[in-house]
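For reference, the structure is listed below as structure tokens.
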Amino acid sequence: MKKQPLSETRRPYQQGARAAAAEATGERILTAFLARIEAQWFEDITLEAVARDAGVSVQTVIRRFGGKDGLLERAMGLLDRAVQRRRSTEPGGISRAIAVLTEDYEASGDLVCRLLDQEQRHPALKVATDAGRVHHRAWLAAVFADWLADADPAVNTARLDALVVATDLYVWKLLRRDMGRPVDAFTTLSETLVRAVLEKAPRQSMDAPR
């Protein structure tokens with residue numbers, strides 16, 4: 001049996017290692033960019049600063065992402081995936097849903113507030129924040145689907161609107177940042193507001209697990 005040359009057996013491993021290294025570098029650049037955008041206005045961020053924070057050259061940043069708009073687009077994708085992981089929960093459990101929402105806001109609330117502060121000045125940011133609003137509403141609709149089963153679509157829409165308001169990021173910001181309340185204060189208030197919304201749901205929906 002003919003032996004495979006050693007160089008050929010190493011090649012797939014080397015290619016895999018290079019791909020993993022490239023992926024790690026890309027994620028490191030995006031993480032550095034997200035840290036910058038939480039601390040600075042978008043227009044004040046430079047590619048040089050992002051490259052320095054990530055330990056790469058400016059040319060590497062440009063080659064991978066093209067510029068700040070490319071960085072923003074990919075960074076928002078990274079942020080969205082992190083949010084989805086943190087918010088993973090089974091439908092129907094109110095307390096669990098509020099717990100994962102709190103965890104998410106504690107992890108990314110300051111960054112998202114910073115994005116919201118700038119969305120009117122930068123169309124690319126507005127695209128990202130509008131997508132976040134859509135995703136938040138869709139998450140609520142999925143998690144609380146058992147309470148959104150009224151025969152009248154207008155009732156379901158109004159109830160979902162109320163859930164969006166009850167769980168809005170600015171409620172977290174008001175309590176945690178402006179008032180300096182402990183994290184449990186947000187969790188308790190948010191669950192109280194959500195239960196107040198859902199108690200008006202049809203009887204069959206209220207029989208869903210808590």
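Observations
- Shape analysis of the stretch 116-184 places it in the oblate category; the axes a ≥ b ≥ c from the Cα gyration tensor give an a/c of at least 1.5, with a/b not above b/c.
- Contact order relative to length of the chain, as percent, for alpha carbon pairs under 8 angstrom and 6 or more apart: 19
- Charge dipole of the chain about the Cα centre (unit charges at C-beta), most positive-ward option of 145, 89, 182: 89
- Cβ-defined net charge surrounding residue 103, 11 Å radius [Lys, Arg +1; Asp, Glu -1]: +2
- Inter-probe distance in nm under a simple model that places probes 7 Å from Cα toward Cβ, at residue 44 and residue 89: 3.5
- Each Lys and Arg contributes +1 and each Asp and Glu -1, all at the Cβ; summed about the Cα centre of the stretch 95-179, the dipole is approximately 240 debye.
- Value of Rg/Rh across the chain [Cα atoms, Kirkwood radius]: 1.12
- Local electrostatic count at residue 26 - Lys and Arg +1, Asp and Glu -1, tallied over other residues with Cβ under 10 Å: +1
- Rounded if a/c under 1.5, otherwise prolate or oblate - the stretch 87-210, Cα gyration tensor axes: oblate
- Cα-based shape type of the stretch 70-122, given that a ≥ b ≥ c are square roots of the gyration tensor eigenvalues and the cut on a/c is 1.5: prolate
- Highest-first packing order for the peptide set 143-152, 126-135 is 143-152, 126-135, based on the mean count of other beta carbon atoms within 10 Å.
- Over the chain, dividing the summed -39,500 (n - 2.57) contributions of all DSSP H runs of at least 4 residues by the number of residues returns a 222 nm mean residue ellipticity of -24000 deg cm²/dmol.
None of the figures in this text is laboratory data; all of them are computed from the coordinates on show. Owing to the predicted nature of the structure, the values given are computational and were not obtained by experimental measurement. Neighbour counts run over all protein chains shown; Cβ positions are idealised from the backbone, glycine included.
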